[in-house]
Amino acid sequence: MSDTAFDTTPVIAPSALKVSDEVAIEISNMNKWYGSFHVLRDIDLTVHRGERIVIAGPSGSGKSTMIRCINRLEEHQSGKIIVDGTELTSDLKNIDKIRSEVGMCFQHFNLFPHLTILENCTLAPIWVRKTPKKEAVETAMHFLEKVKIPDQANKYPGQLSGGQQQRVAIARSLCMKPRIMLFDEPTSALDPEMIKEVLDTMIELAQEGMTMICVTHEMGFARQVANRVIFMDQGQIVEQNEPEEFFNNPRSERTKLFLSQILGH
Amino acid sequence: MTTFTDPPAESFKLSMLVYDTRYRSITFQILALVAVLLLFGWLTMNTAQNLNDLGKEPSFGFLGESAGYDINQRLIDYSSQSTHLRAAFVGLLNTLLVAAMGCATATVIGVIVGVLRLSGNWLVARLMTVYVEIFRNVPVLMWIVLCMAILIEAMPAPSAFRGDNPDATMKLFDTIAITNRGVYIPEPLFSRSLGNLHIGTAFDISINLLAILFVLGVSLWIARDITRRANAKQEATGLRPRTWHTRLAVIVLPTAILLAFLGFHLGYPELKGFNFAGGTYMRNSLIALWLALSLYTAAFIAEIVRAGILAISTGQTEAAAALGLRGNRIMSLVVLPQAMRVIIPPLISQYLNLTKNSSLAIAVGYMDITGTLMGITLNQTGRELETVLLGMLVYLTISLIISGVMNWYNNRVKLVER
Ligand SMILES: Nc1ncnc2c1ncn2[C@@H]1O[C@H](COP(=O)(O)OP(=O)(O)OP(=O)(O)O)[C@@H](O)[C@H]1O
Ligand SMILES: [Mg+2]
């Protein structure tokens, strides 16, 4: 799809960003079915702290389903998912713990339309983390400044542009001080000029060392910040590699076909 | 340098009345108003002319005359010597009674059924679907008559409660008697009553009731203050103090003390001879009407509630869950506040429908405003036009009050869009 926002040479080399040896997410032998439909097949994936991973693949390949399994918006049926040392089971305590450490941004932002931008950002800190309101507001304003919309704090989501809404959604997740961020096609509902403002925010996050898993078709973004690109097809991880290798020397035929379609040549 | 001036004034043309958006709506509103006024004027003239020809002068004087008929279910004192106006007032109170009871139970049943219809439990969801489809697809009049028939046919006669080995027994520790004539429930009595407040010559209001309402109001106000303080504490420290027990105490204790002071006790219905005496007597007609209206309207409310919850996209629930909120908090902080906006406007219509449907009371002989004013009073005085106009005015007033209150609430929770 759009490769326009990142025609220039990368501002930062992906390798310049530090990746620690500490394991943030470990998925082993994970399988998931919808009824008789096998959506995810034998997924094995280890994510280290500070890694920026981009997941690509054709529509319906199970990318969303996989990252939604990481914070249990979807339930996996076999295999293991360990996030920050906590295994995801049906135990509510574990789920709560993992959800408070993993932030997520959605394609359609999913801001709460009945709350102001500020209230969107303070809701979870107040009710989940039990932060005093004053402190929660300060944190929220800090992150709203970071995504460059502090002046909209008292507006409602319906009064903001798409790009602004997605940046609020990012700020809302950050207010919970997550150690891992998941993005599910955060820019695919946006106009090209808004895509850049959201991606800039994400790049900044990456530079600060946030562990990120990002489903996106923005290959420019992948080149610039990812340290690993994962290609999924039909519920499987077909190929994974460093961005340069991935784009220049794809190994499997399916990857080559996908890349030729998405890069438009 | 630039100077700012008003745009040059356009000259007004007659065609602008129709084609200019600034005038267009006003033009059409004035036209419509004139048409309506003409129509009404013509109708009034015509009616007055016809009545004149029949020798009937429109007059509301009959309202002051003695009614001469009895009303068996009533909330205030009334006898056959009372005026038609008082009979109408008894009817109005009966209408309000059944409408209020109906709206309350219909809402409770409707919300429960609506939520359960979305439940993951296949059997429960199906049962609720069956309930909704059965009740909303049969005219409410039939439900009213059916409920009445069941109450009369299936319930034991008071005589069945007699003897050493009776066929029927009272329910709930001998406090409630369900018979084919109606239901007898305990009545509130005060041994140290404060008496009644006389308003004019016609109306008495129990001072006991006023005192209780006053104390309860003050308690609720204090309880709200406690909640507010809990909110302030949560804002300051993040921890929400547990307040439900103090709130409960603040609400219950003062009222309980007042009740004890007034010598509050319950008068239980008792079998005296062939019938029950004492207690509050709810006629079958009231119960049948109340049951039928509640169950029927609840089916519609259930659908409204279900639609309201479904209208909130799963994205909202997911986003809240991803932030670490638990199910009940997601419901109360995210889903319900949004669903309310979808639910309230159609809910108003259902309350209005229920109130208007309560005029079917006449089918089971429950004396509401239709039964008194537009029923017996009309038959006795022959004042069709006056009684029907009064009746319409009453229903219109009730309906406008209901929608006014609900719209006010709805405006308070409306979404801000750009
Ligand atoms: N709730 C569900 N029930 C049944 N099938 C589902 C459900 N959700 C997703 N699927 C199926 O699972 C497959 C994977 O879906 P998923 O949303 O993970 O794909 P994706 O890779 O994110 O695609 P896209 O790029 O279009 O977002 C699809 O074939 C989809 O039809
Ligand atoms: Mg997807």
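The values are calculated or read from the model by the stated rules, or taken from the named source; none is laboratory data. These figures come from a predicted structure and were not determined experimentally. Cβ placement follows ideal geometry from the backbone for every residue including glycine, while neighbour counts extend to all protein chains displayed. Accessible surface is based on the protein model in full, side chains and every heavy atom, while ligands, DNA and RNA are left aside. Shrake-Rupley method; radii C 1.70, N 1.55, O 1.52, S 1.80 Å.
Placing +1 at every Lys and Arg Cβ and -1 at every Asp and Glu Cβ, with all other atoms neutral, what dipole size does the protein assembly as shown have around its Cα centre, in debye to the nearest 20?
1260 debye
I'd like the antiparallel share, as a percent to the nearest 5, of DSSP beta bridges with both residues in the protein assembly as shown.
Of those bridges, close to 70 percent are antiparallel.
Can you give me the long-range amide H partners of A:T211? Hydrogens built in the peptide plane at 1.01 Å from N, cutoff under 5 Å, separation of 5 or more residues or another chain.
A:G50, A:M181
In peptide B:327-340, how many Cβ atoms from other protein chains are near each Cβ within 10 Å, on average?
Average per residue, whole number: 2.
Roughly how big is chain B's charge dipole about its Cα centre, with Cβ charges of +1 (Lys, Arg) and -1 (Asp, Glu), in debye to the nearest 20?
Using only the charged Cβ atoms, the result is roughly 1580 debye.
By per-residue mean of other Cβ atoms within 10 Å, what is the highest-first order of B:363-374, B:140-151, B:56-67, B:313-324?
B:363-374, B:313-324, B:140-151, B:56-67
Tell me the total accessible area that A and B bury against each other, 1.4 angstrom probe, in square angstrom rounded to 100.
Protein heavy atoms only, the A-B interface buries about 2700 Å².
For a quick check, take a GNM of chain B with Cα springs below 10 Å and name the residue from B:F28, B:F89, B:F264 with the largest mean-square fluctuation.
Result: B:F28 has the largest fluctuation of those listed.
Calculated from DSSP H runs of 4 or more alone, at -39500 (n - 2.57) each and per residue, what is the 222 nm mean residue ellipticity of chain B, nearest 500?
Value at 222 nm, helices only, nearest 500: -20000 deg cm²/dmol.
May I ask you to derive the relative contact order of chain A, considering only C-alpha pairs under 8 Å and at least 6 residues apart, and to give it as an integer percent?
28 percent
Search the structure for amide H atoms under 5 Å from the amide H of A:V238, placed 1.01 Å from N in the peptide plane, and list their residues when 5 or more places away or on another chain.
Distant-sequence amide H within range of A:V238: A:F231, A:M232, A:D233.
Show me, for segment A:187-200, the HN-Hα J-couplings you get by feeding each phi into the Karplus relation (A = 6.51, B = -1.76, C = 1.60, θ = phi - 60°), rounded to Hz, glycine and proline as x.
With coefficients 6.51, -1.76 and 1.60, one gets 10, 7, 9, 10, 6, x, 6, 7, 4, 5, 5, 6, 4, 4 Hz.
Give me the 1.4 Å probe accessible area per residue for segment B:193-301, excluding ligands and nucleic acids, in Å².
I get 59 Å² per residue for this part.
Taking only the alpha-carbon positions of the protein assembly as shown and ignoring solvent, what does the Debye formula give for the base-10 log of I(q)/I(0) at q = 0.05, 0.07, 0.12 Å⁻¹?
Rounded to two decimals, the profile gives -0.42, -0.75, -1.30.
Could you compute the net charge surrounding A:H48? Neighbours are other residues with a C-beta less than 15 Å from the C-beta of A:H48; K and R count +1, D and E count -1.
Here the charged neighbours net out to -2.
When you look at the Cβ of every residue in A:125-136, what mean number of other chain Cβ atoms sits within 10 Å?
Partner-chain Cβ atoms within 10 Å, mean over residues of A:125-136: 5.
Please label the shape of chain A as rounded, prolate or oblate, based on the square roots a ≥ b ≥ c of the eigenvalues of the alpha-carbon gyration tensor (a/c under 1.5 means rounded; beyond that, a/b larger than b/c means prolate, else oblate).
oblate
So in chain A, what percent of DSSP beta bridges are antiparallel if you round to the nearest 5?
Within chain A, antiparallel bridges account for around 55 percent of the total.
Classify chain B as rounded, prolate or oblate, taking a ≥ b ≥ c as the square roots of the eigenvalues of its Cα gyration tensor: rounded when a/c is under 1.5, otherwise prolate if a/b is larger than b/c and oblate if not.
In terms of gyration-tensor shape, oblate.
Could you point to the residue in A:N31, A:Q207, A:G60 farthest towards the positive end of segment A:23-263's charge dipole, with +1 and -1 charges on the Cβ of Lys/Arg and Asp/Glu respectively?
The one lying farthest along the dipole's positive direction is A:N31.
Answer with one residue from A:I81, A:V128, A:H114: the one whose Cα lies farthest towards the positive end of the charge dipole of segment A:35-139, charges on Cβ with Lys, Arg +1 and Asp, Glu -1.
With unit charges placed on the Cβ atoms, the residue in question is A:H114.
So who's got an amide H within less than 5 Å of the one on A:R228, skipping anything under 5 residues away but keeping other chains? H placed 1.01 Å off N, in plane.
Here A:R52, A:V54 satisfy the definition.
Could you tell me which residue out of B:G41, B:N379, B:V132 lies farthest along the dipole of the protein assembly as shown toward its positive end? Charges go on the beta carbon: Lys and Arg +1, Asp and Glu -1, centred on the Cα centre.
Most positive-ward Cα: B:N379.
About its Cα centre, how strong a charge dipole does segment A:23-263 have in debye, to the nearest 20, once Lys and Arg get +1 and Asp and Glu get -1 at the Cβ?
The dipole magnitude comes to about 540 debye.
Probe radius 1.4 Å, ligands and nucleic acids left out: which of B:K356, B:K272 has the largest accessible area, and how do the rest follow?
Highest to lowest solvent-accessible surface, that is B:K272, B:K356.
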